[in-house]
Amino acid sequence: MNLTSRFILFRLPVVLYAGLIFFLSSGPVPSAELENIPDYYLHFSEYCLFYVAMFWAIHEGFRPVQGRGSYWLPAVLTILFGISDEFHQMFVPSRVASVLDVLADSAGAAAGTAVALFIHRLNGPVSDQAES
């Protein structure tokens, strides 16, 4: 698979999702329905999915690649992105930065870790003979 195909398949999804998060946090809540959902639910689910996308981008699938940070690197990057998003919201008039939101983002990253681990275990071990 060439570099362009690998970028589109593995890295573009997390880049687009990060852009969507940034866009949505740049203004008021986009719909009345979302205002009725507790903020921490939204942060938790948003960053759970972000972790899964980050894991997919780093490891080019759901099998951890040695030397690419196992499960911890996507978690650290997800939490850092959550912190940067809260920092960004300090400058948006209709938004408020919150440490509790970062905690919900971190809990979402932890749940995303469990999801990635579950998917990896569900797929089972790779057989050397299967690749021959």
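The values are calculated or read from the model by the stated rules, or taken from the named source; none is laboratory data. Given the structure is predicted, the values throughout are model-derived calculations rather than measurements. Please note: Cβ atoms are built from the backbone with ideal geometry, for glycine as well, and neighbour counts cover all protein chains shown.
Quick check on region 13-20. Is at least one of its residues among the aromatic types (Phe, Trp, Tyr) and part of a loop (DSSP other than H, G, I, E, B)?
First, the residues of region 13-20 that are among the aromatic types (Phe, Trp, Tyr): 17.
Pick out the ones that are also part of a loop (DSSP other than H, G, I, E, B) and you get none.
Checking region 13-20: not a single residue is among the aromatic types (Phe, Trp, Tyr) and part of a loop (DSSP other than H, G, I, E, B).
Any residue at all in region 104-113 that is among the polar types (S, T, N, Q), touching a residue at least 60 places away in the same chain (Cβ under 8 Å) and within 25 Å of ARG6 (Cβ to Cβ)?
Yes: region 104-113 contains one or more residues that are among the polar types (S, T, N, Q), touching a residue at least 60 places away in the same chain (Cβ under 8 Å) and within 25 Å of ARG6 (Cβ to Cβ).
Restricting attention to region 1-27, which residues are of a type in the set (A, V, I, L, M) and farther than 19 Å from TYR51 by Cα?
Our first condition is that a residue be of a type in the set (A, V, I, L, M); within region 1-27, this holds for 1, 3, 8-9, 12, 14-16, 18, 20-21, 24.
Residues satisfying the conditions are MET1, LEU3.
Would you be able to say whether some residue in region 50-66 is over 16 Å from LEU24 (Cα atoms) and among the hydroxyl-bearing types (Ser, Thr, Tyr)?
Our first condition is that a residue be over 16 Å from LEU24 (Cα atoms); within region 50-66, this holds for 51-66.
After this cut, where a residue has to be among the hydroxyl-bearing types (Ser, Thr, Tyr) as well, the list is 51.
So far as region 50-66 goes, yes, one or more of its residues are over 16 Å from LEU24 (Cα atoms) and among the hydroxyl-bearing types (Ser, Thr, Tyr).
Considering every residue within region 30-40, establish whether at least one is in contact (Cβ under 8 Å) with a residue 12 or more places away in the chain and either of a type in the set (A, V, I, L, M) or farther than 16 Å from ARG95 by Cβ (or both). Walk me through how you get there before you give the answer.
Quick first cut of region 30-40, residues in contact (Cβ under 8 Å) with a residue 12 or more places away in the chain only: 39-40.
Subsequent filtering for residues that are either of a type in the set (A, V, I, L, M) or farther than 16 Å from ARG95 by Cβ (or both) retains none.
No.
Scan region 9-23 residue by residue and report those that are closer than 14 Å to GLU86 by Cα and surrounded by 15 or more Cβ atoms within 10 Å (Cβ to Cβ). Outline the logic, then answer.
Step one: filter region 9-23 for residues closer than 14 Å to GLU86 by Cα, giving 18, 21-23.
Answer for region 9-23, where residues must be closer than 14 Å to GLU86 by Cα and surrounded by 15 or more Cβ atoms within 10 Å (Cβ to Cβ): ALA18, ILE21.
Yes/no matrix, rows are residues, columns are (1) in contact with a helix residue (DSSP H, G or I) (Cβ under 9 Å, 6 or more places away or on another chain); (2) closer than 19 Å to PHE22 by Cβ:
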site	(1), (2)
GLY67	no, no
LEU73	yes, no
ILE79	yes, yes
SER98	yes, yes
LEU103	yes, no
ALA109	yes, yes
ILE119	yes, no
LEU122	no, no
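Any idea which residue in region 47-99 is farthest from ALA116 (Cα to Cα), counting only those that are among the charged types (D, E, K, R) and touching a residue at least 40 places away in the same chain (Cβ under 8 Å)? Explain how you work it out, then say what you get.
Within region 47-99, the subset among the charged types (D, E, K, R) is 60, 63, 68, 85-86, 95.
Retained after the next criterion (residues that are touching a residue at least 40 places away in the same chain (Cβ under 8 Å)): 60, 63, 85, 95.
Numbers: GLU60: 12, ARG63: 9, ASP85: 23, ARG95: 31 Å.
The selected residue is ARG95.
Return the pair list, or none, for Cβ contacts closer than 8 Å from residues in region 5-17 that are modelled with pLDDT of 95 or more and among the aromatic types (Phe, Trp, Tyr) to residues that are surrounded by 12 or more Cβ atoms within 10 Å (Cβ to Cβ) and not in a helix (DSSP H, G or I), at least 6 apart or on different chains.
Going by the 8 Å Cβ cut-off, the qualifying pairs are PHE10/GLU60; PHE10/GLY61.
A quick yes/no check of all residues on (1) in contact with a Phe, Trp or Tyr (Cβ under 9 Å, 6 or more places away or on another chain); (2) more than 29 Å from PHE7 (Cβ to Cβ):
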site	(1), (2)
LEU24	no, no
GLU35	no, yes
TYR41	no, yes
LEU49	yes, no
MET54	yes, no
VAL65	no, no
ALA75	yes, no
LEU80	no, no
PRO93	no, yes
